[in-house]
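Everything below concerns the one structure shown next.
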Amino acid sequence: MPLARAKVNLWLNVVGRRADGFHLLDSLVAFTDLADEIEVVPAPDLSLEIVGPGAAALEGEDVSGNLVLKAARLLAGRAGVAPRVALRLTKRIPVAAGLGGGSADAAATLRALVDLWRVAMPEEELFDLAASLGADVPMCLAGRPAVATGIGERLAPAPRLPDCAILLVNPGVALPTPAVFRARSGDFSVGLPVAAGWPDLASFASDLARRGNDLTQAAISVRPEVADVLDRLRRSDGICHAAMSGSGATCFGLYASIGAARRAASQLPDTWWRHAGRLV
C-alpha cells in the first residue's frame, strides 16, 4: 500500500518572484514517518473514499476537486486508459498544515496507478506529470531529502541528514498558503551554499537556525497561534531546533531522541495536534 509521507521544510527562504507572481524558493525538504495511505482497486468507474482521523477536516468539500482524483484523471489521460478505479485515502496528515499532505497523496496515487495500470512511462515524464499537479508533487514523488529551488519543482539530492527525532505540532488551525504569501513583506533572501554535510545534530541545527523560514512572520500575522507553538517548542527540554514548516501552521522541533520528543509532546495543550516521530 503506497504511503504518502508528510513533508517538512526544514528551512525555507524566499529568494525572488517570477513575472507570473510565483515566488522562488530555496528549501531543504525532508519526509517523516507520519503518512497517509492510498489504496487502489479496479472498479467500473472512478471514485474516492476518504477515511481516517483527518477525514473530518475534508467533510463538506467537493471531492471531485481532490488532488487524488486529479492525479488519477491526468495519468489515465496521458496513458490512454479509462480511469476505472476505486481510490481509498486514509487521511492522517492535517489539512492545510504546511506538511504537503495533498501533494503527497497525489504523488502516492501516481505511483500506485502506474503499477495497477502497468503504465510504461519514463521517470522524467512522470515527474513532469507530477509538476503539472502542483509544485510540491514532484518532491513528494521523489520522497527523499532534497534541496528544492525554483518554485519547488527543481530538486537536488540533499546531504545525509543527522539522525534525530522530530515533533510536529499544529494548534488546530488551517493556514492556506496563498494567505501567507499575501501577508509576506520585505526583501528577498539570498540563497546560501548548501553544506557538504553535517557531522552532528548540533551543526545541523545551527545551519537550520541561520537560514530559518522566511514565511514565519507572515504566518503569525494571519494566525498568531503559530507564535505560541514556536514559543512552547523553544522552551521544551532537549530542543535542538524549532521552526515553522512550509507556510504553516504546523511547526516542528528536532530532538536527539524519540523519548525527548515524546516528553515535549506530553507537555503541550490537549487541543493541539502533535506527532512525535522520525525523519525518514
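Each value in this text was obtained by applying a stated rule to the coordinates, not by laboratory testing. Please read all numbers here as calculations on a predicted model, not as lab measurements. We place every Cβ from the backbone using ideal geometry, glycine too, and count neighbours over all the protein chains shown.
Overall, the chain carries a charge dipole of about 320 debye about its Cα centre when +1 sits on the Cβ of Lys and Arg and -1 on the Cβ of Asp and Glu, all other atoms neutral. Relative to the compact-globule estimate of 2.2 N^0.38 Å, the Cα radius of gyration of the chain comes out at 0.99. Amide H contacts of Trp273 (H built 1.01 Å from N, in plane; Pro and chain starts excluded): Asn170, Gly172 sit under 5 Å, all sequence-distant by 5 or more or on other chains.
Could you tell me which of rounded, prolate or oblate describes the range 165-278, using a ≥ b ≥ c as the square roots of the eigenvalues of the alpha-carbon gyration tensor, with rounded for a/c under 1.5 and, failing that, prolate when a/b is larger than b/c and oblate otherwise? Since a/c reaches 1.5 but b/c is at least a/b, the shape of the range 165-278 is classed as oblate. Overall, the range 100-139 carries a charge dipole of about 160 debye about its Cα centre when +1 sits on the Cβ of Lys and Arg and -1 on the Cβ of Asp and Glu, all other atoms neutral. Counting charges near Ala249 (Lys, Arg +1; Asp, Glu -1) among other residues having Cβ under 10 Å from its Cβ returns a value of 0. Give the distance, in whole Å, between the Cα centre of the range 54-114 and the Cα centre of the range 146-198. Rounded to whole Å, the Cα centres lie 23 Å apart.
Were the residues from Arg235 through Arg263 laid out at 0.36 nm apart, the gain over their Cα-Cα distance would be 8.8 nm. Spin-label pair Arg78-Asp115: with each label point 7 Å from Cα along the Cα-Cβ axis, the two points sit 1.8 nm from one another. Here the calculated FRET efficiency for Arg182 and Ala55, from their Cβ-Cβ distance with R0 = 45 Å, stands at 0.95, rounded to the nearest 0.05. A simple charge model with +1 on the Cβ of Lys and Arg, -1 on the Cβ of Asp and Glu and nothing else charged puts the dipole of the range 1-123 at about 300 debye relative to its Cα centre. Only one residue of Val15, Thr90, Met121 has its Cα farthest out toward the positive end of the dipole of the range 3-155, where Lys and Arg carry +1 and Asp and Glu -1 on Cβ, and that residue is Val15.
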